[in-house]
Amino acid sequence: MTKAIIIEQTGGPEQMKLVDVNVGEPGAGEIRIRHHAIGLNFIDVYQRSGVYALPLPLQLGMEAAGVVEAVGAGVTHLKVGDRAAYASQPPGAYCEVRVMPAKCVCKLPDAISFETGAAMMLKGLTAQYLLRKTLPVEGLKAGDFVLFHAAAGGVGLIACQWAKALGYQLIGTAGSDEKCALAKAHGAAHVINYSNEDFAARVKEITSGKGVKVVYDSVGKDTWDKSLDCLSPFGLMASFGNASGVVPPFAPGMLGAKGSIYVTRQTLFTHIATRESTQAMADDLFAVVQSGAVKIKIDQRYKLEDVQQAHRDLEARKTTGCTILTL
């Protein structure tokens with residue numbers, strides 16, 4: 001038996017319940033892992049609230065770090081006793097122990113703690129595929145401007161540091177002066193408080209009217225229209241979340257009128273669909289963290305049984321950096 005957080009119906013944080021569940025032996029291609037720390041992400045909110053519909057009852061959670069307890073047939077990259085971390089489908093990380101597919105679980109380097117591993121996998125791999133793989137048609141080079149919304153969040157603070165290491169001029173937006181200062185301290189070249197500034201006008205000012213080559217946007221509905229206006233011709237609008245709500249339908253013809261711009265909706269789980277891709281992305285992430293160029297900022301810690309409050313704080317935008325659940 002293990003303690004786990006489940007929902008029996010979608011809704012608010014109050015739907016999450018701490019229960020006892022059975023944990024069996026891993027089958028072919030699976031492992032059993034005992035968690036030391038668990039990551040909290042906005043995708044957990046989407047799944048809990050029903051924005052992303054999944055079969056119920058549902059055990060929540062998409063990332064964690066711990067020690068491998070058992071290995072199923074065919075698993076060769078992990079063994080019993082290995083330190084490991086993951087960001088992976090299916091959900092189920094909000095627990096002490098779980099059985100899960102092994103393909104997206106990676107050995108965690110000894111130099112990276114369990115808490116850091118749990119905090120960085122989903123957010124760090126997201127930053128990796130955005131900055132390294134989700135690129136405008138003309139590419140990115142040192143000195144280019146990029147716009148990154150929610151720059152003081154978990155993904156944002158990693159992206160600020162990584163973009164600086166790559167030589168990009170990241171313009172970060174956030175909803176308070178304090179969050180803007182945090183993004184600036186983590187490598188953002190420019191910051192905009194979108195609660196009291198017109199971020200599209202400021203982007204044009206910062207870029208001398210040229211706009212940015214790419215916008216990375218996890219906010220969604222509230223930032224969508226003005227983000228399109230921030231792009232230079234042939235620029236890329238890279239949507240990877242909808243914290244403020246789902247983007248409404250739009251006419252493709254508008255993309256031509258705004259400078260023959262591109263739009264893409266990305267998801268991490270397409271990028272980590274294979275063992276090889278997952279490992280290559282994780283190796284890139286581990287390397288940049290171990291180099292010191294990217295530091296993982298854990299600003300909030302909650303006990304697993306306090307997960308309802310953790311979700312309330314996340315949705316109220318009271319959090320910065322990464323949040324973990326402890327056991």
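Filter the range 176-230 for residues that are part of a loop (DSSP other than H, G, I, E, B) and among the polar types (S, T, N, Q) and give the result. Reasoning before the result, please.
Applying the first criterion (part of a loop (DSSP other than H, G, I, E, B)) to the range 176-230 yields 176, 186-189, 194-198, 207-211, 218-223, 230.
Residues satisfying the conditions are Ser176, Ser195, Asn196, Thr207, Ser208, Ser218, Thr223.
Out of the residues in the range 294-327 that are of a type in the set (Ser, Thr, Tyr) and assigned to a strand (DSSP E or B), which is nearest to Lys123 (Cα to Cα)?
Looking at residues that are of a type in the set (Ser, Thr, Tyr) and assigned to a strand (DSSP E or B), I get Thr323.
Would you point out the residue of the range 301-316, among those that are in contact (Cβ under 8 Å) with a residue 40 or more places away in the chain and either surrounded by fewer than 16 Cβ atoms within 10 Å (Cβ to Cβ) or among the polar types (S, T, N, Q) (or both), that is nearest to Gly154 (Cα to Cα)?
Arg312
Would a scan of the range 248-264 turn up a residue that is in contact (Cβ under 8 Å) with a residue 60 or more places away in the chain and not hydroxyl-bearing (Ser, Thr, Tyr)?
No, every residue in the range 248-264 fails to be in contact (Cβ under 8 Å) with a residue 60 or more places away in the chain and not hydroxyl-bearing (Ser, Thr, Tyr).
For the range 67-168, which fully contained strands (runs of 3 or more DSSP E) count at least 2 residues that are surrounded by 18 or more Cβ atoms within 10 Å (Cβ to Cβ), in contact with a helix residue (DSSP H, G or I) (Cβ under 7 Å, 6 or more places away or on another chain) and not assigned by TED's automatic domain parsing to the domain that holds Ala273?
145-148
Examine the range 105-119 for a residue that is touching a Lys or Arg at 6+ places or on another chain (Cβ under 6 Å) and either within 30 Å of Ser260 (Cα to Cα) or of a type outside the set (D, E, K, R) (or both), and state whether such a residue exists. Even if it seems obvious, please write down each step before you answer.
To start, the set of residues in the range 105-119 that are touching a Lys or Arg at 6+ places or on another chain (Cβ under 6 Å) comprises 108.
Subsequent filtering for residues that are either within 30 Å of Ser260 (Cα to Cα) or of a type outside the set (D, E, K, R) (or both) retains 108.
Checked the range 105-119: at least one residue is touching a Lys or Arg at 6+ places or on another chain (Cβ under 6 Å) and either within 30 Å of Ser260 (Cα to Cα) or of a type outside the set (D, E, K, R) (or both).
Among (1) out of contact with any strand residue (DSSP E or B) (no Cβ under 7 Å at 6 or more places or on another chain); (2) closer than 30 Å to Gly66 by Cβ; (3) at pLDDT 95 or above, which single condition is Ala119 missing?
Looking at each condition in turn, Ala119 falls short on (1).
Name every residue in the range 317-326 that is surrounded by fewer than 18 Cβ atoms within 10 Å (Cβ to Cβ) and either over 20 Å from Ala183 (Cα atoms) or touching a Lys or Arg at 6+ places or on another chain (Cβ under 6 Å) (or both), in order of residue number.
Correct list: Thr326 only.
Can you confirm whether the range 184-204 contains a residue that is in contact (Cβ under 8 Å) with a residue 60 or more places away in the chain, within 22 Å of Cys322 (Cβ to Cβ) and not assigned by TED's automatic domain parsing to the domain that holds Leu285? It would help to see each step written out before you state the result.
Filtering the range 184-204 for residues in contact (Cβ under 8 Å) with a residue 60 or more places away in the chain gives 186.
Right, trim to within 22 Å of Cys322 (Cβ to Cβ) and you get 186.
Checking the rest, the ones that are also not assigned by TED's automatic domain parsing to the domain that holds Leu285 come to 186.
Yes, that holds for at least one residue.
Results for (1) part of a loop (DSSP other than H, G, I, E, B); (2) more than 30 Å from Glu115 (Cα to Cα); (3) in contact with a Cys (Cβ under 7 Å, 6 or more places away or on another chain), shown as yes or no for each residue.
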residue	(1), (2), (3)
Pro233	no, yes, no
Ser244	yes, no, no
Pro248	yes, yes, no
Met254	no, yes, no
Phe269	no, no, no
Ala280	no, no, no
Gly292	yes, no, no
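Given the conditions (1) closer than 16 Å to Lys123 by Cβ; (2) touching a helix residue (DSSP H, G or I) at 6+ places or on another chain (Cβ under 6 Å); (3) among the aromatic types (Phe, Trp, Tyr), and given that Phe240 satisfies all but one, which numbered condition is not satisfied?
(2)
Would you check which residues across the range 212-227 are in contact with a strand residue (DSSP E or B) (Cβ under 8 Å, 6 or more places away or on another chain), modelled with pLDDT of 95 or more and either surrounded by fewer than 21 Cβ atoms within 10 Å (Cβ to Cβ) or over 21 Å from Gly175 (Cα atoms) (or both) and list them?
Lys213
Conditions: (1) of a type in the set (Asp, Glu); (2) over 18 Å from the mean Cα position of the chain (by Cα); (3) not assigned by TED's automatic domain parsing to the domain that holds Glu115. Asp217 meets all but one. Number of the miss?
Just one mismatch for Asp217, condition (2).
The values are calculated or read from the model by the stated rules, or taken from the named source; none is laboratory data. Since the model is a prediction, treat every value here as computed from it, not as a measurement. Here the Cβ is made from the backbone with ideal geometry for all residues, glycine too, and neighbour counts use every protein chain on show.
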